[in-house]
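Read through the structure below, which is laid out as structure tokens, and then see the notes.
The values are calculated or read from the model by the stated rules, or taken from the named source; none is laboratory data. All of these numbers come straight from a predicted model, not from anything done at the bench. Note: ideal-geometry Cβ built from the backbone for every residue, glycine included; neighbour counts use all protein chains shown. Accessible surface areas use protein heavy atoms only, side chains included; no ligands, DNA or RNA. Shrake-Rupley method; radii C 1.70, N 1.55, O 1.52, S 1.80 Å.
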Amino acid sequence: MTRSRWSWSTWIRQCHRWLSIAFTAGFLVNIVAISTGQDPAFWVYLLVLIPLFLLLPSGLYLFVLPYAARRRGGRGAA
Ligand code: HEM
């Protein structure tokens, strides 16, 4: 059966992928900010917390995908 090129799972995987880059960049900014010895501003922490909080649900969705596909009678991860 043919499937449309666009699907929720591909979209969420792409989001997860790019969020991981945002998270990594925010993480590096935090390391630099903390290494100055002063307490960083609150928004500096948000640079890691916001991507991480979005990575968590999208990552859990990706985790469940193959099991959900199997339950629906598919052959698991394609
Ligand atoms: C916060 C909790 C997280 C959970 C539960 C999670 C879970 C997952 C799962 C289940 C997959 C799919 C694996 C597969 O079957 O192919 C995945 C892919 C991936 N994760 Fe996460 N992840 C999390 C956080 C992160 C973080 C912090 C990073 C990196 C900074 C990251 C980077 C990636 C990348 C690059 C992929 C591959 C995406 C692709 O296929 O293009 N994830 N993650």
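Find me the longest stretch of the chain that has none of the exposed trypsin sites (Lys or Arg not before Pro), where exposed means in a DSSP loop (not H, G, I, E or B) with at most 15 other Cβ atoms within 10 Å. Let's see the in-between values first.
Values: sites that count: 3, 5, 72, 75.
Longest run free of exposed loop sites: 6-71.
Mean projection of the alpha-carbon convex hull of the chain over all orientations, in nm²? Write out the running numbers ahead of the final one.
Working: hull surface 24.9 nm².
The Cα convex hull of the chain, projected and averaged over all directions, gives 6.2 nm².
Could you tell me how many degrees, from 0 to 90 and to the nearest 10, lie between the Cα long axis of helix 8-35 and the main elongation axis, the longest principal axis, of the Cα atoms of the chain? The angle comes out at about 10 degrees.
For the chain, report the accessible area per residue in Å² (1.4 Å probe, heavy atoms, rounded to an integer).
Working: 6720 Å² over 78 residues.
Ligands and nucleic acids excluded, the figure is 86 Å² per residue.
Per-residue extension of 0.36 nm, minus the Cα-Cα distance of residue 12 and residue 72, leaves a gain of 19.6 nm for this segment. Each of the peptides 26-37, 41-52 was scored by the mean count of other Cβ atoms within 10 Å over its residues; in descending order, highest first, they stand as 41-52, 26-37. For the chain, the longest principal axis of the alpha carbon atoms and the long axis of helix 42-71 meet at an angle near 20°.
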